[in-house]
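Chemist: Structure incoming, see below.
The values are calculated or read from the model by the stated rules, or taken from the named source; none is laboratory data. Everything numeric here is computed off the predicted structure, so don't read it as measured data. When we count neighbours, we look across all protein chains shown, and the Cβ atoms used for this are built from the backbone with ideal geometry, even at glycine. The accessibility values were calculated without ligands, DNA or RNA, using every heavy atom of the protein model including side chains. Shrake-Rupley method; radii C 1.70, N 1.55, O 1.52, S 1.80 Å.
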Amino acid sequence: MHLVGDKTNIAMMLIILLSGLTSYAQESHIGNLVGNAKHGKAIYQRYCIFCHGPEGDGNGQSAPYLDPKPRDFTKATFKCRSTPSGSLPLDSDLYDTITRGVHASGMPSWRPLLRQERADLVAYIKTFSPRFHEEKPDPPIQMPPEPSTSPESVKRGGQIFQSMNCALCHGKEGRGNGPSAAALTDTRGYPIRPFDLTSGTRLKCGDSDEGIFRDLSTGLDGTPMPSFASALKPDQIWDLVHYIATLRAAAKLADSR
């Protein structure tokens, strides 16, 4: 009986050891950078653990005081991606988020870290979810060149904003105060506010027209913000981008009166 128990214990120890080796074998690839998870762990423990927690589940010591809540890396569900809704992000997507930060959240820009350190951090973040071992990201969405903005494009975009019920969450003026706003939650059940599209040039996942096009096409996974890739044609998405850009100017003018 003792022999059977010893064999069982040895087998369990081997499984734990191999799983640990597998997690540390995770890499990231961003351009000519190759990130190493073992190196990334030390960076994570120094800068990220207080919000995202030692297990990467978003339950760090600071998490109760943050709104929105820190990302749960164990789910491998990320808002800011260049890949279709439901897909894993590219390594470069995670790298860009770490570099840029997430506006209107507790996630700052980590641009002060060396590029290699950020790549190592991406590799370590990937160890928290088995999805990164079992799946590959889908190809990124195709983004056609942006047409020139025009009054006609803005008008069409405004009509799309209404027809796609964007105002239900974001409000008629885009201030994030639509009739459904107060009842929205993320996929973990936490209350989540629609983004105030009038609040300056920075959005959650970037500050360019291309970034808005990407977010409308991919959706923000983990939130009520869906992908419009199957509902709208690319030129319609560009019209919507041009309309959203006018909301900032209109709000600034109204607030100055």
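Chemist: Out of region 165-195, which residues are more than 26 Å from His242 (Cβ to Cβ) and either in contact with a Cys (Cβ under 7 Å, 6 or more places away or on another chain) or not β-branched (Val, Ile, Thr) (or both)?
Modeler: Ala182, Ala183, Asp186, Arg188, Gly189, Tyr190, Pro191
Chemist: What tally of residues in region 198-237 results from selecting those that are among the aliphatic types (A, V, I, L, M), assigned to a loop (DSSP other than H, G, I, E, B) and more than 24 Å from Lys69 (Cβ to Cβ)?
Modeler: Pass one, region 198-237, residues among the aliphatic types (A, V, I, L, M): 203, 212, 216, 220, 225, 229, 231-232, 237.
In the following step, the residues that additionally are assigned to a loop (DSSP other than H, G, I, E, B) were identified as 220, 225, 229, 231-232.
Of the ones still in play, those that are also more than 24 Å from Lys69 (Cβ to Cβ) are 229, 231-232.
Going through region 198-237 one residue at a time, the tally reaches 3.
Chemist: Just wondering, is there one or more residues in region 118-139 that are out of contact with any Ser or Thr (no Cβ under 9 Å at 6 or more places or on another chain), farther than 20 Å from Gly222 by Cβ and without any contact (Cβ under 8 Å) to a residue 12 or more places away in the chain?
Modeler: no
Chemist: What residue, of Ser105, Ser92, is among the small types (Gly, Ala, Ser) and modelled with pLDDT of 95 or more?
Modeler: Working: Ser105 fails: modelled with pLDDT of 95 or more.
None of the other options fit; the residue is Ser92.
Chemist: The conditions are (1) in a loop (DSSP other than H, G, I, E, B); (2) farther than 21 Å from Ala63 by Cβ; (3) open to solvent by 30 Å² or more (accessible area, probe 1.4 Å); (4) touching a residue at least 24 places away in the same chain (Cβ under 8 Å), and Arg111 fails exactly one of them. Which is it?
Modeler: (4)
Chemist: Of all residues in region 218-233, how many are open to solvent by less than 20 Å² (accessible area, probe 1.4 Å) and farther than 17 Å from His170 by Cβ?
Modeler: Summing the residues that are open to solvent by less than 20 Å² (accessible area, probe 1.4 Å) and farther than 17 Å from His170 by Cβ in region 218-233 gives 2.
Chemist: Moving to a separate point now. Return the only residue of Glu146, Glu117, Glu134 being open to solvent by 30 Å² or more (accessible area, probe 1.4 Å) and closer than 17 Å to Val34 by Cβ.
Modeler: After applying the criteria, what remains is Glu117.
Chemist: Looking at this structure, is Thr187 farther than 19 Å from Tyr95 by Cβ, under 16 Å from the mean Cα position of the chain (by Cα) and open to solvent by 60 Å² or more (accessible area, probe 1.4 Å)? Walk me through it before giving the result.
Modeler: Numbers: farther than 19 Å from Tyr95 by Cβ: yes; under 16 Å from the mean Cα position of the chain (by Cα): yes; open to solvent by 60 Å² or more (accessible area, probe 1.4 Å): yes.
The answer is yes for Thr187.
Chemist: Next up: Counting only residues that are more than 22 Å from Asp209 (Cα to Cα) and surrounded by fewer than 18 Cβ atoms within 10 Å (Cβ to Cβ), how many does region 82-108 have?
Modeler: So the count comes out to 2.
Chemist: Can you tell me which residue within region 151-181, out of those that are in a loop (DSSP other than H, G, I, E, B) and touching a residue at least 24 places away in the same chain (Cβ under 8 Å), is nearest to Asp209 (Cα to Cα)?
Modeler: Taking region 151-181 and keeping what is in a loop (DSSP other than H, G, I, E, B), we get 164-165, 171-180.
Narrowing the set further to residues that are touching a residue at least 24 places away in the same chain (Cβ under 8 Å) leaves 164, 173-175.
Values: Met164: 19, Glu173: 19, Gly174: 16, Arg175: 18 Å.
The extreme case among them is Gly174.
Chemist: Applying the selection to region 190-208, what residues are closer than 17 Å to Cys80 by Cβ and either more than 17 Å from the chain's Cα centre (by Cα) or not charged (D, E, K, R) (or both)?
Modeler: Ile192, Pro194, Phe195, Leu197, Thr201, Leu203, Cys205, Gly206, Ser208 - these are the residues of region 190-208 that are closer than 17 Å to Cys80 by Cβ and either more than 17 Å from the chain's Cα centre (by Cα) or not charged (D, E, K, R) (or both).
Chemist: Hey, Arg46 hits all of (1) more than 25 Å from Leu216 (Cβ to Cβ); (2) not in a helix (DSSP H, G or I) but one; which does it fall short on?
Modeler: Every condition holds for Arg46 apart from (2).
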